[in-house]
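The values are calculated or read from the model by the stated rules, or taken from the named source; none is laboratory data. This structure is a prediction, so every number in the text was calculated from the model and none was measured. Counting neighbours? That spans all protein chains shown, and the Cβs are built from the backbone with ideal geometry, glycine included. Each accessible area value is taken on the protein alone, full model and side chains, heavy atoms only, with ligands, DNA and RNA left out. Shrake-Rupley method; radii C 1.70, N 1.55, O 1.52, S 1.80 Å.
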Amino acid sequence: MTGRDTAQTVAIIGAGIGGIYLAAELGIAGYKLRLHDVDDARLSDIRALIVRRALDDAGCHADVAVAEMDNYPYSCRRLSPTRIRPIVAKRWLQIAAFPGNRIASVHQRLSRLFPQAVASPNVLYTGFTNANAMLHVANCVANAARIESGDSYRFYAEGVTPAVARLYQAINRERVAVAAAFGAAVPTLEDWFDRVYGVREANLVETCRRLTYNSDGPYQATGTPSSLEHKFITEDVPAGLIPMSALGAAAGVPTPAIDALVAVVQSMTGKDFAAEARTLARLGLSGMSATEIRRVMDEGFG
């Protein structure tokens with residue numbers, strides 16, 4: 001991508017609420033779009049609004065830059081399969097490339113789409129800043145009785161009590177410590193809320209209430225899971241908490257609160273999330289020291 005006047009194309013993977021709203025934002029901005037989802041049924045209503053163009057050759061031989069953000073850039077509410085109501089655009093995001101030494105060219109191109117995003121040295125910064133695993137799992141475990149009884153509570157405003165806030169702080173201290181062992185300085189949860197949403201109250205309980213009840217509160221649309229068989233558990237444990245614990249072990253940083261939370265949720269669900277987790281072996285990092293892992297993040301596997 002070199003500029004909007006060259007009719008560049010952006011591929012969006014996932015046609016959930018985030019993918020649909022991102023397609024709307026980038027479409028208005030003048031970009032060509034390709035929207036994909038593993039569940040083809042999600043695309044059926046959208047196809048009625050666009051003209052699909054088939055590719056003559058499905059093979060890809062391009063030099064593709066791999067990059068990620070630490071979070072989704074918008075908060076929004078899905079009104080129907082093809083209608084999204086925006087709530088707020090996040091004020092601060094990080095973009096990282098893999099390997100990290102490609103970030104200059106990646107950020108130059110993506111910053112035109114997301115001007116609030118800053119360049120980060122490597123994906124350790126974005127990975128350890130992603131707040132989903134920190135916020136979702138502890139809340140679900142602490143409120144499991146409400147979830148399983150069908151109580152549709154306000155996930156953050158009512159689900160984050162002083163005890164839940166203390167659990168948040170315990171697992172977040174470990175997250176920040178593990179990241180630091182790899183040379184990555186990441187914000188605390190309180191700092192993250194402040195940078196991203198401009199909200200910092202006296203404590204996390206009050207912060208979460210304001211983020212829910214304010215007219216521009218990004219969490220006003222956050223629904224309550226109907227069971228523990230929800231992505232807040234099934235994605236954020238194997239793809240979030242377990243990799244953080246594994247990286248902590250590699251760096252010699254203990255993560256007792258994260259490990260205890262994983263053990264409890266596995267007992268509650270009867271699932272061995274480690275069997276499907278992003279382990280160091282699956283990431284190609286098994287047996288490496290913290291220094292070696294950092295080098296791979298900066299330079300690639302080469």
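The residues of the range 274-302 that are among the hydroxyl-bearing types (S, T, Y) and open to solvent by less than 70 Å² (accessible area, probe 1.4 Å), listed by number, are T279, S289.
Look through the range 261-273, keep the residues that are open to solvent by 50 Å² or more (accessible area, probe 1.4 Å) and touching a helix residue (DSSP H, G or I) at 6+ places or on another chain (Cβ under 9 Å), and return whichever of them is nearest to V137 (Cα to Cα). Ranking the qualifying residues of the range 261-273, first place goes to V264.
Figure legend. Inter-residue proximity from the range 276-298: first residues over 15 Å from A180 (Cα atoms) and in contact (Cβ under 8 Å) with a residue 24 or more places away in the chain, second residues open to solvent by less than 20 Å² (accessible area, probe 1.4 Å) and in a helix (DSSP H, G or I), beta-carbon distance below 6 Å, spacing 6+ or different chains. Indicated pairs: E276/P238; A277/P238; R278/P243; L285/I293; D298/G100. Note on the range 268-279: residues that are over 23 Å from the mean Cα position of the chain (by Cα) and closer than 21 Å to L135 by Cβ total 1. Contact map, the range 235-263: residues that are in contact (Cβ under 8 Å) with a residue 12 or more places away in the chain and on the phi < 0 side of the Ramachandran plot paired with residues that are among the acidic types (D, E) and in a helix (DSSP H, G or I), Cβ distance under 7 Å, separation 6+ or inter-chain. Pairs shown: P238/E276; S245/D259; G248/E174; T255/E174; A257/E174; I258/E174. Taken over the range 187-218, the residue count meeting the criterion of being among the basic types (K, R) and under 18 Å from the mean Cα position of the chain (by Cα) is 1. Restricting the first member to the range 100-113 and to residues that are more than 15 Å from G300 (Cβ to Cβ), and the second to residues that are modelled with pLDDT of 95 or more and open to solvent by 50 Å² or more (accessible area, probe 1.4 Å), the beta-carbon pairs closer than 6 Å and six or more apart or on different chains are H107/A119.
A search for C-beta distances below 8 Å between a residue of the range 146-170 that is in a helix (DSSP H, G or I) and any residue that is open to solvent by 50 Å² or more (accessible area, probe 1.4 Å), counting only pairs 6+ apart in sequence or on different chains, returns I147/S226; P162/N203; A163/A142; V164/A142; A165/N203; L167/A142.
Here the range 234-260 is the region considered, the condition is being closer than 14 Å to N132 by Cβ, open to solvent by 30 Å² or more (accessible area, probe 1.4 Å) and not charged (D, E, K, R), and the residue that is nearest to the chain's Cα centre (by Cα) is A239. Scanning the range 175-194 for residues that are open to solvent by less than 20 Å² (accessible area, probe 1.4 Å), out of contact with any Lys or Arg (no Cβ under 8 Å at 6 or more places or on another chain) and in contact (Cβ under 8 Å) with a residue 60 or more places away in the chain, we see that the one that is farthest from R294 (Cα to Cα) is W192.
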